[in-house]
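Remarks on the structure that follows.
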Amino acid sequence: MSDIFEVYDFENEQHWLKGRTNGIGGSDASAVVGMNPYKSNIDLFEEKIGRVRAKDISDKPCVIYGKKAEEYIRELFKLDYPEYKVEHHEFRILRSKEHPFMQASLDGELTDPEGRRGVLEIKTTNILQSMQYEKWKDCIPDNYYIQVLHYLLVTGWQFVVLRAHLNTEWGGEKRTTVKHYFIERADVEADLQMLQEEEQKFWRYVESGRKPPLILPEI
């Protein structure tokens, strides 16, 4: 399927989840560079060397909602953007050949009218404060930006489309705002190079068992 990654299809969710622990995935990448609001690079290091087990958040209502909504949002994306060919493989992991510790599980694989390949990323989030909405106003939050950069590194593909469903409930009224963000690989090459270097550096710490310096997020 590609010269730069290998494809692993797992028979069920349990095996797929186990496979995701064997390297750096998209949701891990922001912790590597200190941009994950819930997990530091030290937390991630201790998970990867087996010192601690990753916290199970699968029972959280927001996680359950996002998981169940994903397939329907993907179908809506197909209706809204029929020019893209959209594929999805439920329990698939893509693993970099050059850097096998880098892997990706995608919400969708895209092909545009010119035949270019791209990544579809789907996000659902509950907006509880206006400040949270501001983070989505003109760009995507830093941790999600790093996540899709990671997917571009693993796949070598040319673009990302991130579809976000922002849910609010004010005054007893529920609303969902749908936003699309289009990222071209050619526009983010410098950030891709930075992330590649930081992930390689982090994984050398994992392989050696030496704890990396703590990276504090910017305030």
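Key figures for this structure:
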{"quantity": "Every residue from segment 90-131 that is farther than 28 Å from Phe202 by Cα and small (Gly, Ala, Ser)", "calculated": "Gly115, Ser130"}
{"quantity": "Scan of segment 48-69 for residues that are in contact (Cβ under 8 Å) with a residue 60 or more places away in the chain, under 30 Å from Lys201 (Cβ atoms) and of a type in the set (A, V, I, L, M), ordered by number", "calculated": "Ile49"}
{"quantity": "Every residue from segment 96-134 that is at pLDDT below 95 and loosely packed, with under 15 Cβ neighbours inside 10 Å", "calculated": "Asn126, Leu128, Gln129, Ser130, Met131, Gln132, Tyr133, Glu134"}
{"quantity": "Residue match in segment 148-155 (condition: more than 20 Å from Val188 (Cα to Cα), in contact with a strand residue (DSSP E or B) (Cβ under 8 Å, 6 or more places away or on another chain) and surrounded by 14 or more Cβ atoms within 10 Å (Cβ to Cβ))", "calculated": "no"}
{"quantity": "Residues of segment 14-47 classified as outside any helix (DSSP H, G or I) and within 21 Å of Arg204 (Cβ to Cβ), total", "calculated": "11"}
{"quantity": "Selection count where residues are surrounded by 13 or more Cβ atoms within 10 Å (Cβ to Cβ), of a type outside the set (S, T, N, Q) and within 18 Å of Gly50 (Cβ to Cβ), scope segment 1-27", "calculated": "6"}
{"quantity": "Condition met for Glu184 (of a type in the set (Asp, Glu), in contact with a strand residue (DSSP E or B) (Cβ under 7 Å, 6 or more places away or on another chain) and without any contact (Cβ under 8 Å) to a residue 60 or more places away in the chain)", "calculated": "yes"}
{"quantity": "Answer from Lys137, Lys174, Lys201, Lys211 - the residue that is in a strand (DSSP E or B), among the charged types (D, E, K, R) and either surrounded by fewer than 19 Cβ atoms within 10 Å (Cβ to Cβ) or modelled with pLDDT of 95 or more (or both)", "calculated": "Lys174"}
{"quantity": "Number of the exception - Pro82 against (1) in a loop (DSSP other than H, G, I, E, B); (2) in contact (Cβ under 8 Å) with a residue 40 or more places away in the chain", "calculated": "(2)"}
{"quantity": "Residues of segment 167-192 satisfying the condition of being touching a helix residue (DSSP H, G or I) at 6+ places or on another chain (Cβ under 7 Å) and either under 17 Å from Ile73 (Cβ atoms) or among the acidic types (Asp, Glu) (or both)", "calculated": "Asp191"}
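The values are calculated or read from the model by the stated rules, or taken from the named source; none is laboratory data. Quantities reported herein were computed from a predicted structural model and do not represent experimental measurements. For neighbour counting, all protein chains shown are included, and Cβ atoms are generated from backbone atoms with ideal geometry for every residue, glycine included.
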